[in-house]
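K.L.:
Provided herewith is a single structure, encoded as structure tokens, for subsequent inquiry.
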Amino acid sequence: MATQMGENELWLLSFYRTSEIGGALFFGRLARSMKQGANQRDMSKHFADEAQHAWLWTSCIERLGAHPLKLTDAYQDQYLAAAGLPVNLMEVLAVTQIFESRVINQYARHQRASGLHPIVGETLERIMEDEKWHVEWVRRALRAMEPEYGKERIEKTIRHFREADEEVYRKTILEHEERVAHLADVMARTRGEEPKDGR
Ligand SMILES: [Fe+2]
Ligand SMILES: [Fe+2]
């Protein structure tokens, strides 16, 4: 197959695909274990969306003339290993909020990259519609939990998971520095900044 992308881009799109699968598996298990109600409904939709995103990246890579790389660790697995498993629904939603903001930021940055292939752009745009809803429903659900858990405790939990996220993301970036550095440079240029070392 004649591929229309470089090795770094194939890695990145494969990384997105693996992360979406990680999300789908995580949310799918949760959806199965949730009691009747609005959260159960929204989590089921969320799970189905992430599974669909995994397919959209698979299909995108295929349309660009390649096959996704088999990457072992999803970002989510490393993240939960670092942060600890959430112990109640509030913590689950806090983790979800952090996952989702990470994904949205990454995709939004990618959308601004120069020389974006139209097929990749189209895929990002399609996925972002769902990602926005993901952040919204989770924020709403967390707010509804304030009487039960207390606003302060919820905020503290979100902070804890955000710190773990930053730690894991930094590690992921260091591990794949070359590929990500290339991407970061492209993105820094589109924002008119000087590329920074090691970021
Ligand atoms: Fe997704
Ligand atoms: Fe999502």
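Computed from the coordinates by the stated procedures, all read-outs in this text should not be read as laboratory data. Bear in mind the structure is a predicted one, so any value in this text is a computation, not a measurement. Neighbour counts are summed over all protein chains in view; Cβ atoms, including those assigned to glycine, are modelled from backbone coordinates with ideal geometry.
K.L.:
Before anything else, pin down the relative contact order of the range 7-191: Cα pairs under 8 Å, at least 6 apart, normalised by residue count, whole percent.
P.N.:
27
K.L.:
In addition: Considering only DSSP states other than H, G, I, E and B, which trypsin sites (Lys or Arg not before Pro) in the range 1-39 qualify as loop sites with at most 14 other Cβ atoms within 10 Å?
P.N.:
Sites meeting the loop and neighbour criteria: K35.
K.L.:
Semi-axes of the equivalent ellipsoid of the range 108-159: what are they in whole Å, largest first, if each equals the square root of 5 times a C-alpha gyration tensor eigenvalue?
P.N.:
Values for the range 108-159, descending: 35, 12, 5 Å.
K.L.:
What is the fewest-to-most order of D130, D49 by other Cβ atoms lying within 10 Å of their Cβ? Could you put the intermediate results ahead of the total?
P.N.:
On the way: D130 16, D49 20.
So the ranking, lowest neighbour count to highest, is D130, D49.
K.L.:
Right, another one. When each pair of different Cα atoms in the range 7-191 is counted once in the 1/r mean, what is the Kirkwood radius in angstroms, to one decimal?
P.N.:
17.2
K.L.:
Counting other C-beta atoms within 10 Å, which of V103, V95 has the fewest, and how do the rest follow?
P.N.:
Lowest count first: V103, V95.
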